[in-house]
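Below: the structure, in structure tokens.
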Amino acid sequence: KQEVTQIPAALSVPEGENLVLNCSFTDSAIYNLQWFRQDPGKGLTSLLLIQSSQREQTSGRLNASLDKSSGRSTLYIAASQPGDSATYLCAGPSGGTYKYIFGTGTRLKVLA
Amino acid sequence: DGGITQSPKYLFRKEGQNVTLSCEQNLNHDAMYWYRQDPGQGLRLIYYSQIVNDFQKGDIAEGYSVSREKKESFPLTVTSAQKNPTAFYLCASSTTPQGSGNTIYFGEGSWLTVV
């Protein structure tokens, strides 16, 4: 059964810093891994989707990597801004099925 | 605009009462999902539907029921059998089953509180 863990649970950084959020998963036979952003009291917005055949995906200041052999994915945010403050969640399919298992998220605060 | 609409945004339930959360999508997606989110926890799947008139239990289906009579609608009923229903509920949809490589779209969520 897939388990998804995110570290750290919370992170506070000054504006302009580059930062890395970590996501670990137990089932390496995943089809893909997806990163989401959630603002307080809101739904989730998809940021990046990495297929199992890919190693990374980029969108603007965001770059996500996937290493199936080690069971890890990272989300890199360049030149962080106060508007990046939110909770970031990763999710991957559960063992041979298509059902997503979500991590508990990293709550990011970027200080102006 | 295309998207997922959840209503109501806030709902209060009395003990022993059933309540229904609405979810409507105009994205022409086949698959729809209901998740529950508790503070400090990730999302947990309640029910999902891959096609009209078909739905499957997720990981925490006890005390909940759903229907999928129309492609665009997937209402969730929280029954009195759900002993701890206070949570944030999220509806989502996708073109194909989640995890298959297509983006999942989420609604804005509904807050349910037991009073």
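Each value in this text was obtained by applying a stated rule to the coordinates, not by laboratory testing. On a predicted model such as this, the values are computed, not experimentally measured, just so you know. No Cβ is skipped: glycine too gets one built from the backbone with ideal geometry, and neighbour counts run over all protein chains shown.
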Fill in the blank from the handout: When segment A:86-97 is checked residue by residue, the ones that are crowded, with 18+ Cβ neighbours inside 10 Å and either touching a residue at least 60 places away in the same chain (Cβ under 8 Å) or not in a strand (DSSP E or B) (or both) are A:TYR88, A:LEU89, A:CYS90, A:ALA91, A:GLY92, A:PRO93, A:SER94
Handout entry: Failed condition for B:MET32, given (1) closer than 22 Å to A:GLN2 by Cβ; (2) outside any strand (DSSP E or B); (3) away from every other protein chain (no Cβ under 13 Å)
Key = (2)
Practice task
Of the numbered conditions (1) crowded, with 18+ Cβ neighbours inside 10 Å; (2) over 10 Å from the mean Cα position of the chain (by Cα), B:LYS9 fails exactly one; give the number of that condition.
Solution key: (1)
Handout entry: Unmet requirement for A:THR58, which otherwise passes all of (1) touching a residue at least 24 places away in the same chain (Cβ under 8 Å); (2) more than 25 Å from B:GLY40 (Cβ to Cβ); (3) out of contact with any Lys or Arg (no Cβ under 8 Å at 6 or more places or on another chain); (4) not aromatic (Phe, Trp, Tyr)
Key = (1)
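Residue-by-condition table, conditions (1) of a type in the set (Val, Ile, Thr); (2) surrounded by fewer than 17 Cβ atoms within 10 Å (Cβ to Cβ):
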| residue | (1), (2) |
| --- | --- |
| A:ASP39 | no, yes |
| A:LYS42 | no, yes |
| A:LEU47 | no, no |
| A:ILE77 | yes, no |
| A:GLN81 | no, yes |
Problem - Residue list for segment A:49-75, filter: surrounded by fewer than 15 Cβ atoms within 10 Å (Cβ to Cβ) and within 11 Å of chain B (Cβ to nearest Cβ) - result: A:GLN51, A:SER53, A:GLN54
Exercise for the section: For A:LYS42, state whether it is more than 24 Å from A:GLN2 (Cβ to Cβ), of a type in the set (Lys, Arg) and facing another protein chain (nearest Cβ under 10 Å). Expected result: yes
